[in-house]
Each structure stands twice: as C-alpha cells, then as structure tokens.
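For reference, the structure is listed below as structure tokens.
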Amino acid sequence: MDSFSSFLNMGGHGGFVWPSFGITVLVLVVLLVTSLRSLKARESTLAKLRGGATETGRGEATREA
C-alpha cells in the first residue's frame, strides 16, 4: 500500500499532477458533449434543408439519373 501511496504522491507533486489530469479530463468531456450537440443540431438543420429525409439526418440522399 505504501508504493501506491507513493505513486499518488508523485514525489510531492501529486497535489499538482492529479488536479491537472482531472481538469484535462473535464475539458475533454465538455468538448465531446458540445461537439456532439452541435453535430446533432447541424444534422437536423441539414435534414430540414434537404426536405426532411430522416430525423437524425443520417439517411441516404437519392439521386435521379
């Protein structure tokens, strides 16, 4: 258990290292969520502009030859 405690302490720098990891993970999660929300909104807008092919906007467009 002492080696795990030493690992978490990181030679006295654990108080700086672990919060920086936490902040980084938080920023990445927020970025992922906002990107997915933006994607969903843009797909919805695109589907409306194309004539409402599907609700998610992921339907295939048909082409007339």
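The values are calculated or read from the model by the stated rules, or taken from the named source; none is laboratory data. What you are looking at is a predicted structure, and each value in this text was computed from that prediction instead of being measured.
Taking the criterion of being among the small types (Gly, Ala, Ser) and part of a helix (DSSP H, G or I), the residues of the range 28-52 that qualify are SER35, SER38, ALA41, SER44, ALA47. Does at least one position in the range 14-36 carry a residue that is among the small types (Gly, Ala, Ser), on the phi > 0 side of the Ramachandran plot and at pLDDT below 95? Checked the range 14-36: no residue is among the small types (Gly, Ala, Ser), on the phi > 0 side of the Ramachandran plot and at pLDDT below 95.
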